[in-house]
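The values are calculated or read from the model by the stated rules, or taken from the named source; none is laboratory data. Being a predicted model, the structure only gives us computed values, none of them experimental. Don't worry about glycine lacking a Cβ; one is built from the backbone with ideal geometry, like all the others, and counts go over all protein chains shown. Just so you know, the surface numbers come from the protein's heavy atoms only, side chains and all, with ligands and any DNA or RNA stripped out. Shrake-Rupley method; radii C 1.70, N 1.55, O 1.52, S 1.80 Å.
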Amino acid sequence: MVTDTQTGPSGRRPLTLLIAAPRGFCAGVDRAITIVERAIAKYGAPVYVRHEIVHNKFVVDGLREQGAIFVEELDEVPDDRPVVFSAHGVPKVVPQNAESRGLDFLDATCPLVSKVHRQAERQMDAGRHIAFIGHKGHPEVIGTFGQVPDGTMTLIETVEDAEAFVPPADANGLAFLTQTTLSVDDTAQIMAVLQRRFPDIVAPKGEDICYATSNRQAAVKAIAERAQAVLVIGAPNSSNSLRLVEVAERGGARAMLIQRAAEIPIDWLDGIDTLGLTAGASAPEVLVREVVNALAQHFDVREEQVKTAEETVAFKLPRGLEAA
Ligand code: 10G
Ligand code: SF4
């Protein structure tokens, strides 16, 4: 219940809503969803998808309605149906197994994740051991570890891990790589420890944290400076969305992750007159509008876009799906 009694002409309490830009879908998510939709158009339903195509229930439910079946492992896919690999990437053994079974498979791995996969192979070929900065158990991390033989990479999750890291004695040098959706600030600290301890460590060519991750973090930082609270639309298993909550909190705002408008914590907004709103890279804009409209039921909302970057990145679709 809203207890603040100061209201505008509508009878509702005024609320300034700072909406971050960029927010929501990145180019890799857009491409991955299109791949599933075009695969259904091309092959007919059902089309299997290994793992949630992106970490968003609304997106997954929508594709399920169109004829996608989501599974976790390849052995759940029948021999006569196509399968799409999720945007987070897969270990090398997955396409190898699909090929040996004669399955039609489509790889929706984001090209920026594939770029990290290729860097892992190159560092391995050079004989270097790889310190990989990422979160244990995340599908992207499992996929990247699966590009090289066991023992080639060590997972570094924290500054403490970086301080304690002991490279194998037989390594011909060291390199580090990162997951694409990490906190820019936390990763910089971890990298600084590795570079202090191992001055010759080879850094990635360009940034591994992708443009969409860093742009969304910069945008939420800008709104958190001005807002007392920030809502982030995203799923609890969405790494990049969770990072936006952390960045907003570190920027001095209260922050909360919500999946849909039904989860808006109205009581939590008591006393708030400036609220920030953003969405993770896997959350569609329709959910942002849903949240804005739901807030307008309770408050006299004044919307303000806070734009910190322009995004023009778009990725090509795999051959054969360009115009299904
Ligand atoms: O943020 P994560 O990696 O958990 O994934 P997501 O599906 O929520 O967002 C899109 C990002 C990727 C596909 C990973 S590169
Ligand atoms: Fe690609 Fe970055 Fe989006 Fe991941 S978050 S799918 S790396 S653009």
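Just a few scattered comments:
- Beta carbons closer than 8 Å, at least 6 apart along the sequence or on distinct chains, pair a first residue in region 131-150 that is among the hydroxyl-bearing types (Ser, Thr, Tyr) with a second that is open to solvent by 10 Å² or more (accessible area, probe 1.4 Å) for Thr144/His117; Thr144/Met153.
- Inter-residue pairs, beta-carbon under 7 Å, first closer than 19 Å to Glu52 by Cβ and in region 98-116, second polar (S, T, N, Q), 6+ apart: Ala108/Ser86; Leu112/Thr180; Val113/Thr180
- Enumeration of residues in region 25-67 that are within 11 Å of ligand 2 (Cβ to nearest atom), assigned to a loop (DSSP other than H, G, I, E, B) and open to solvent by less than 40 Å² (accessible area, probe 1.4 Å): Cys26, Ile53, Val54, His55
- Of the criteria (1) in contact with a Ser or Thr (Cβ under 8 Å, 6 or more places away or on another chain); (2) closer than 19 Å to Leu242 by Cβ, which one Asp161 fails: (1)
Yes or no, residue by residue, for (1) more than 29 Å from Tyr211 (Cβ to Cβ); (2) in contact with a Pro (Cβ under 7 Å, 6 or more places away or on another chain):
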{"residue": "Gly143", "(1), (2)": "no, yes"}
{"residue": "Val148", "(1), (2)": "no, no"}
{"residue": "Leu155", "(1), (2)": "no, no"}
{"residue": "Val159", "(1), (2)": "no, no"}
{"residue": "Ala171", "(1), (2)": "yes, no"}
{"residue": "Leu174", "(1), (2)": "no, yes"}
{"residue": "Leu177", "(1), (2)": "no, yes"}
